[in-house]
Amino acid sequence: MGEDPAMSAVSAVSAVFERRAQPTAAVGADAELIVRACQEMAERFRAGGKLLVFGSGGSVADAQHVAVEFAHPVVVGKPALPALSLTTDLALATGIARTQGLDGIFAAQLRLLAAPHDIALGLSAEPGCPAVRDGLTAARELGLLTVALAGGHAASEADHVVVVRSGDPLVVKEVHMTIYHVLWELVHVFYELEAVR
């Protein structure tokens, strides 16, 4: 007698959620790191800095999502904070890639656009993305606060690194979305706390 198809489907759905539950729960162990990153990001915004976000592959859309949320908050009453995705100007990115290679597209833009009080946020769902790594390295050399959301590895090029412990890039991206929503929320908490002092 074969397995009931309905029970087989339930088992498959349970397995899909289980693959996501452990990496999401593990991020909770990084709560102190996330709080420190958000405090420092809020300080940079108060000092007149802006957020420069970048990622490659599927993380391109995430970088744009983060920038829009900071620059145009959907929560009524929350202040807009200056943010820019380095993945939106295709002409600039391809022009840089033509002369400096794909790995240099974010580093070159940071050298051109960044100021000392700025924040660089690099997203990489898969280990070892050279363009994100080189962007974070350039940002640190320029004195920016650097934050990395990584998948399955630590990016030592950043001041604050939050690693999603999963080898599945789709799961990593899903957890990254949760993390950058938490970043947005806590940055505003710290930004507003300072505003009322």
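The values are calculated or read from the model by the stated rules, or taken from the named source; none is laboratory data. Quantities reported herein were computed from a predicted structural model and do not represent experimental measurements. FYI the Cβ positions are ideal-geometry reconstructions off the backbone, even for glycines, and counts take in every protein chain you see. Heads up: the accessible areas ignore ligands, DNA and RNA and are worked out on the full protein's heavy atoms, side chains in. Shrake-Rupley method; radii C 1.70, N 1.55, O 1.52, S 1.80 Å.
Below, the figures for the structure above:
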read-out: Flag if Leu142 is open to solvent by 10 Å² or more (accessible area, probe 1.4 Å) and at pLDDT 95 or above; value: yes
read-out: First in the stretch 43-70 and in contact (Cβ under 8 Å) with a residue 12 or more places away in the chain and more than 16 Å from Glu185 (Cα to Cα), second anywhere and open to solvent by less than 60 Å² (accessible area, probe 1.4 Å) and among the basic types (Lys, Arg), Cβ under 8 Å, 6 or more apart; value: Gly58/Lys173; Ser59/Lys173; Asp62/Lys173
read-out: Residue in the stretch 35-42 that is over 24 Å from Leu102 (Cβ atoms), modelled with pLDDT of 90 or more, outside any helix (DSSP H, G or I) and open to solvent by 40 Å² or more (accessible area, probe 1.4 Å) present; value: no
read-out: Residue, modelled with the lowest pLDDT, within the stretch 151-175, restricted to residues that are open to solvent by less than 20 Å² (accessible area, probe 1.4 Å) and aliphatic (A, V, I, L, M); value: Ala155
read-out: Of all residues in the stretch 63-75 being of a type outside the set (Gly, Ala, Ser) and open to solvent by less than 10 Å² (accessible area, probe 1.4 Å), the one that is farthest from Val132 (Cα to Cα); value: Phe70
read-out: Long-range neighbours under 9 Å by Cβ, at least six apart or interchain, first residue under 13 Å from Pro130 (Cα atoms) within the stretch 91-118, second among the aromatic types (Phe, Trp, Tyr) and open to solvent by less than 30 Å² (accessible area, probe 1.4 Å); value: Ile105/Phe54; Phe106/Phe54
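Residue-wise test of (1) more than 16 Å from the chain's Cα centre (by Cα); (2) part of a helix (DSSP H, G or I); (3) closer than 23 Å to Gly128 by Cα.
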{"residue": "Ser8", "(1), (2), (3)": "yes, yes, no"}
{"residue": "Ala21", "(1), (2), (3)": "yes, yes, no"}
{"residue": "Val27", "(1), (2), (3)": "no, yes, yes"}
{"residue": "Gly49", "(1), (2), (3)": "yes, no, no"}
{"residue": "Ala61", "(1), (2), (3)": "no, yes, yes"}
{"residue": "Gly77", "(1), (2), (3)": "yes, no, no"}
